[in-house]
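A.B. asks: Questions regarding the structure given below will be posed in turn.
The values are calculated or read from the model by the stated rules, or taken from the named source; none is laboratory data. None of these values were measured; they are calculated from a predicted model. Backbone-built Cβ (ideal geometry, glycine too); neighbour counts: all protein chains shown.
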Amino acid sequence: MDLVWEIVLMEPFRLCLALGPVAVYVLLIGALNLSRRPFLVNGTRDAAALGLALSGLAIVGPLELFFPHAAAARFGPYVWALLVAFYALCLALVLLLLRPRLVVYNLSVDQLRPILADVVDQLEPESRWAGDTLYMPGLGVQLCLDDVPGMRNVSLISVGPDQSHAGWRRLELALAREVGRVEVPRNAWSLGMIGTGLVIGLGLMTLIAIDPQGVADSLFEMLQLR
């Protein structure tokens with residue numbers, strides 16, 4: 001533990017940069033699961049939020065590991081702007097290549113099934129179920145249900161390469177409208193996630209309060225201003 005604490009004090013800014021976005025993401029997911037209303041989001045936005053949460057870890061990890069010192073000697077801290085832009089472009093590319101997906105937070109698969117069945121009957125009477133797989137030929141949508149039982153989160157994941165984004169959009173709007181009318185008990189797991197996010201956030205704020213000069217020095221060192 002003493003060694004871990006020494007490392008924390010030695011690189012405070014990097015620690016804040018790595019764990020700060022993660023703490024915000026954990027608090028956000030905890031708040032969504034604490035609500036009495038389910039929340040639906042498409043896979044692109046869900047993955048984008050995760051990508052932002054991991055941005056700090058990417059900066060202090062692979063981006064700093066392969067930091068171009070020769071370019072930094074000429075352009076100074078502006079190199080970091082290019083590296084962050086590179087990460088943003090990579091994240092955008094991943095988001096564009098993702099297959100359609102919907103994520104429903106704070107709702108179990110058993111609670112979602114009848115809601116989804118009603119929505120499907122309205123949108124596509126010719127739809128067919130095969131276990132956890134749903135085929136909607138009229139909309140060009142084929143998906144399977146995947147859930148996280150403890151967290152009461154369900155993902156509607158596309159199956160196969162031939163998918164209609166317009167069909168997925170219609171399904172998203174119709175399902176979001178129906179899900180928004182449902183009221184569910186609060187998820188006990190959300191308290192653990194909120195507590196974890198608060199502990200990380202308070203720990204980082206305490207670290208900054210204890211050694212603000214160390215945080216500033218670590219920032220200047222990382223930007224190679226000293």
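A.B. asks: Can you tell me how many residues within segment 158-179 are under 30 Å from A23 (Cβ atoms) and either β-branched (V, I, T) or not assigned by TED's automatic domain parsing to the domain that holds L112 (or both)?
C.D. replies: 1
A.B. asks: If you scan segment 191-224, which residues turn out to be outside any helix (DSSP H, G or I) and surrounded by 15 or more Cβ atoms within 10 Å (Cβ to Cβ)?
C.D. replies: Initial filter on segment 191-224 (outside any helix (DSSP H, G or I)): 211, 223-224.
The answer is D211, L223.
A.B. asks: So, in segment 101-120, how many residues would count as being part of a helix (DSSP H, G or I) and small (G, A, S)?
C.D. replies: Matching residues across segment 101-120 total 1.
A.B. asks: When segment 126-169 is examined, which residues are found to be in contact with a Ser or Thr (Cβ under 9 Å, 6 or more places away or on another chain) and among the charged types (D, E, K, R)?
C.D. replies: D146, D147, R152 - these are the residues of segment 126-169 that are in contact with a Ser or Thr (Cβ under 9 Å, 6 or more places away or on another chain) and among the charged types (D, E, K, R).
A.B. asks: Looking at the structure I just gave you, is G56 part of a helix (DSSP H, G or I), of a type outside the set (S, T, N, Q) and in contact with a Cys (Cβ under 9 Å, 6 or more places away or on another chain)?
C.D. replies: yes
A.B. asks: Also, I was wondering about something else. Within segment 139-170, which residues are in contact with a helix residue (DSSP H, G or I) (Cβ under 7 Å, 6 or more places away or on another chain), assigned to a helix (DSSP H, G or I) and surrounded by 14 or more Cβ atoms within 10 Å (Cβ to Cβ)?
C.D. replies: Answer for segment 139-170, where residues must be in contact with a helix residue (DSSP H, G or I) (Cβ under 7 Å, 6 or more places away or on another chain), assigned to a helix (DSSP H, G or I) and surrounded by 14 or more Cβ atoms within 10 Å (Cβ to Cβ): M151, R170.
A.B. asks: Within the bounds of segment 84-96, is there any residue that is farther than 30 Å from L223 by Cα and either touching a residue at least 60 places away in the same chain (Cβ under 8 Å) or not in a strand (DSSP E or B) (or both)?
C.D. replies: Yes, that holds for at least one residue.
A.B. asks: Could you tell me whether segment 128-138 includes any residue that is among the hydrophobic types (A, V, I, L, M, F, W, C), in a strand (DSSP E or B) and surrounded by 18 or more Cβ atoms within 10 Å (Cβ to Cβ)?
C.D. replies: yes
A.B. asks: Another question about this same structure. Consider T206 carefully, then state whether it is of a type in the set (S, T, Y) and assigned by TED's automatic domain parsing to the domain that holds P21.
C.D. replies: Here the answer is yes, as T206 does meet what is asked.
A.B. asks: Taking only segment 26-38 into account, find how many residues are crowded, with 18+ Cβ neighbours inside 10 Å and either at pLDDT 95 or above or hydrophobic (A, V, I, L, M, F, W, C) (or both). Show your work before the answer.
C.D. replies: Step one: of segment 26-38, the residues crowded, with 18+ Cβ neighbours inside 10 Å are 26-27, 29-30, 32-33, 38.
Cutting the leftovers down to either at pLDDT 95 or above or hydrophobic (A, V, I, L, M, F, W, C) (or both) gives us 26-27, 29, 32.
Qualifying residue count for the region: 4.
A.B. asks: Please find, among V109, V26, the residue that is farther than 20 Å from I194 by Cα, out of contact with any Pro (no Cβ under 6 Å at 6 or more places or on another chain) and β-branched (V, I, T).
C.D. replies: V109
A.B. asks: Taking segment 26-55 only, how many residues are in contact (Cβ under 8 Å) with a residue 40 or more places away in the chain and farther than 24 Å from I115 by Cβ?
C.D. replies: 4
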